[in-house]
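Below are the structure tokens for one structure; questions will follow.
The values are calculated or read from the model by the stated rules, or taken from the named source; none is laboratory data. Because the structure is predicted, anything quoted here is derived from the model rather than measured. Cβ placement follows ideal geometry from the backbone for every residue including glycine, while neighbour counts extend to all protein chains displayed. The accessibility values were calculated without ligands, DNA or RNA, using every heavy atom of the protein model including side chains. Shrake-Rupley method; radii C 1.70, N 1.55, O 1.52, S 1.80 Å.
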Amino acid sequence: DCGGGDLLAGAARMRALRIAWIALAALPLASAAPCAEEIDAHELVRRAEDALRGKSSAMKLRMTITTPRWTRELVIRSFDDQAGDRSFSRVLEPPKDKGTGFLRDHDAFWTWLPRVERAMRIPPSMMLQPWMGSDFTNDDLARESSLQKDYEPTALGEKEIGGVAALGILLVPKPEAPVVWARMELWVEKERLAPLLFVYYDEPEPGKFEALRELRFSDVRIVDGRPLPHDWLMVPSDKPGHSTRVVLEEAAFDVKLDEEIFTQKYLRQSEAAR
């Protein structure tokens, strides 16, 4: 065969080598986007908090409070400066509550009551009190605690929630962290890593934990590159028939916020409720 067999064999070896090199070259590309299982608990918490807060945010939301006896609706504009450890919220509707404001500047939390034209400081002991009769607390509104700064996360594994594959993280308060919950569970969608569920626990006895409420997220939309739930439903475990739904009407993240927003002067400007 005049060496034809050796030439064919050599060509085949060369083709095999080229295929192997192409496969090796493709490996970094294939591994560039890690799957959810490869993301640790700290990163999952960071992504969840970024999806809900970012470094800063400006939102307009509609809150519906439901009890067995009545239903009430509020429209609120809020600003969150997580990087500066400040937040501000103002009630826009209904008319009888319009202008009511809430300012947190680091550890100080103030409310402005336009009907009596008076600013009051809310003490730390009242941070677990219901906000405006809702199932959210003053701490929820003020956003005083930070998932990343105040809690130590541990992976809980995977389970299905409402037909959605979810990854869980147990959040245990760090020593001396100024938080109001004994522990929390965070569940995120496995596919999009969007926040799916928070479970909040009390510790009535040492080592005994009791789930007091759940915050359920749905209607996820991409806003400024993040998977943001637009429907938040808070359901207390000990109050049958009670719930509070928050629907986001406007949301922007990592925006430059006017320094005036986080001042006592702006807090007292009831006419700013627009």
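For the stretch 151-274, what is the convex hull volume of its Cα atoms per residue in Å³?
Given the Cα convex hull of the stretch 151-274, per-residue volume reads 189 Å³.
Now a separate question. Mind jotting down the distance between the C-alpha centroids of the stretch 146-168 and the stretch 204-258, whole Å?
Here the two parts' Cα centres lie 14 Å apart.
Something else about it: Skip the ligands, DNA and RNA, and give the accessible area per residue of the stretch 129-219 with a 1.4 Å probe, whole Å². Provide the component values of the computation, followed by the final result.
Details: 4320 Å² over 91 residues.
Per residue, the stretch 129-219 has 47 Å² of solvent-accessible surface.
For the stretch 56-96, run through the trypsin sites (Lys or Arg not before Pro) and keep only the ones in DSSP coil with at most 16 other Cβ atoms within 10 Å of their Cβ. Mind dumping the intermediate values first?
Values: sites: K60, R62, R69, R72, R77, R86, R90, K96; in loops: R69, K96.
Sites meeting the loop and neighbour criteria: R69, K96.
Provide M184, M132 ordered by accessible surface of protein heavy atoms (probe 1.4 Å), highest first. Show your work: numbers first, answer last.
Values: M184 10, M132 45 Å².
The residues order as M132, M184, largest area first.
On to the next question. Give the residue list of GluC sites (Glu not before Pro) in the stretch 59-162 that are DSSP loop and have at most 16 other beta-carbon atoms within 10 angstrom.
E117
Wrap a convex hull around the Cα atoms of the stretch 50-121, take a quarter of its surface area, and give that in square nanometres. Numbers along the way, then the final one.
Details: hull surface 23.8 nm².
Mean shadow area of the hull around the Cα atoms is 5.9 nm².
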